[in-house]
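Written out below as structure tokens is the structure these notes cover.
Every number in this text was worked out from the coordinates using simple rules, so none of it is lab data. The structure displayed is predicted, hence computed values, not measured ones. Note that we place each Cβ from the backbone using ideal geometry, even for glycine, and neighbour counts take in every protein chain shown.
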Amino acid sequence: MLYSELAGKEIISINEGVRLGLVDKADAVIDTETGRLTALILPVPGRGRFERKRWMMLPWHGIKKIGLDLLIVDMSQARDAGKP
């Protein structure tokens, strides 16, 4: 699957059932040897009113379903990406 095929899709967390944003706002982690997409770095909105968004790295196996308009993801597989 090409990254361009993911662009524009909404990202939905299967754990919380919330919208996390669009794939357009995500960064891709690509294995340079194989050319495969290995992870997405997603902006996750803060829970509180004044909490800033965090960046989480979601490995490819954390993507549970790719539909026509959205991605269903398991954020329990994600870890902090440490991106400002």
Exercise. R0 = 25 Å: FRET efficiency of ASP80 with ASP24, Cβ-based, nearest 0.05?
Worked result: 0.70
Exercise. So what is the 222 nm mean residue ellipticity for the chain from helices alone, if each DSSP H run of at least 4 adds -39500 (n - 2.57) and you divide by all residues, rounding to the nearest 500 deg cm²/dmol?
Worked result: -500 deg cm²/dmol
Problem set entry | Two-site label geometry, SER4 and THR32: point separation in nm, points 7 Å out along Cα→Cβ | 2.3
Exercise. What's the tally of Lys pairs in the chain whose alpha-carbon atoms lie under 21 angstrom apart, where the two lysines are 8 or more places apart or on different chains?
Worked result: 9
Exercise. Please state the equivalent ellipsoid semi-axes for the chain: what are the square roots of 5 times the Cα gyration tensor eigenvalues, largest first, in whole Å?
Worked result: 20, 15, 11
For this session: Work out which trypsin sites (Lys or Arg not before Pro) in the chain are exposed loop sites (DSSP not H, G, I, E or B, at most 15 other Cβ within 10 Å) and give the longest gap free of them.
Result: 1-35
Seminar exercise, completed: Counting only DSSP beta bridges fully inside the stretch 3-80, the antiparallel percentage to nearest 5 is 80
